[in-house]
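Reading through the structure tokens given below for one structure.
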Amino acid sequence: MTDVLESVKALADGFATTFKHLFRKPITEEYPEYKRPLPVRSRARIILTRDPNGDERCVACYLCSAVCPVSCISMQSTERSNGRRYAAWFRINFGRCIYCGLCEEACPTSAIQLTPNFDHCKREILSMVYEKEDLLVDHCGKDPDYNFYRHAGISTAKRDKGEHINEFKPVRVKSNLP
Ligand code: SF4
Ligand code: SF4
């Protein structure tokens, strides 16, 4: 008799739980209608940002392409008449990118940044190759105040680079090349 009572109680408990859930608000988040906001440090779609003056931050130093473990970044460097370098073209193949974030770590100018925007996948693999015009944005991204040239030194009307107080003369990297 005890066994029968225990079975009936277990059955009643089960039905009670089911009944309770019938009136609960569903907590399922429907994607893509609802896109859950991800933390700002999430690593997904890559952008090229600008400095606080609105100039392109990228100085085409090739560090990001050198560090990329899957070799999915390529570019061609060039120089403005004032000597400032920039990328004539810049390309990322997102079909190969593994979103490791090493390019962002290596970048001295904070130009290349990974964003939490994760839903840019497409069926056509060739459309995953993004050119500079697809990557370059009109804001500073995660580092709104960072300007590489303020740290690397600038020429002023009174003094050249390396002539200000406590400054060293800049290294001429091209003279180091074999
Ligand atoms: S996130 Fe990693 S794999 Fe993707 S471009 Fe940067 S270094 Fe390469
Ligand atoms: S994105 Fe950064 S690391 Fe890559 S070439 Fe430009 S300045 Fe150098």
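Values quoted throughout were computed directly from the atomic coordinates according to the rules given, and no laboratory measurement underlies them. Model, not experiment: these values are computed from the prediction. Cβ sites come from the backbone with ideal geometry, for glycine too, and all protein chains shown count toward neighbours.
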Efficiency of FRET from Cβ geometry, PHE168 and SER74, R₀ 35 Å, rounded to 0.05: 0.60
Residue of ARG43, ARG85, ARG159 that the Gaussian network model of the chain assigns the largest fluctuation, springs spanning Cα pairs under 10 Å: ARG159
Cα centroid separation - segment 127-163 against segment 30-81, whole Å: 13
Spin-label model distance (nm) - ILE27 vs LEU11, 7 Å beyond Cα toward Cβ: 3.1
Partner lysines for LYS174 [C-alpha distance under 29 Å; skip if fewer than 8 residues away on the same chain]: LYS132, LYS158, LYS161
Percent antiparallel among DSSP beta bridges (both partners in the chain, rounded to 5): 95
Angle between the chain longest axis and helix 2-22 axis [Cα atoms, degrees, rounded to 10]: 40
Sequence-separation-based contact order of the chain, relative, with Cα cut under 8 Å and 6+ spacing, percent: 24
Partner lysines for LYS35 [C-alpha distance under 18 Å; skip if fewer than 8 residues away on the same chain]: LYS122
Sparse-neighbour loop sites [chymotrypsin sites (Phe, Trp or Tyr not before Pro); segment 29-113; at most 16 other C-beta within 10 Å; DSSP]: TYR34, TYR62, TYR99
All aspartates and glutamates inside 18 Å of LYS142 as judged from Cα atoms, apart from same-chain residues fewer than 8 positions distant: ASP51, ASP55, GLU56, GLU104, GLU105
Qualifying GluC sites (Glu not before Pro) for segment 19-121 [loop in DSSP, other Cβ within 10 Å: at most 13]: GLU29, GLU30, GLU33
Cleavage-rule hits (GluC sites (Glu not before Pro)) in segment 113-178: DSSP loop, at most 15 neighbouring Cβ within 10 angstrom: GLU124, GLU131, GLU163, GLU167
For the chain, Kirkwood radius (reciprocal of mean inverse C-alpha pair distance, Å): 20.6
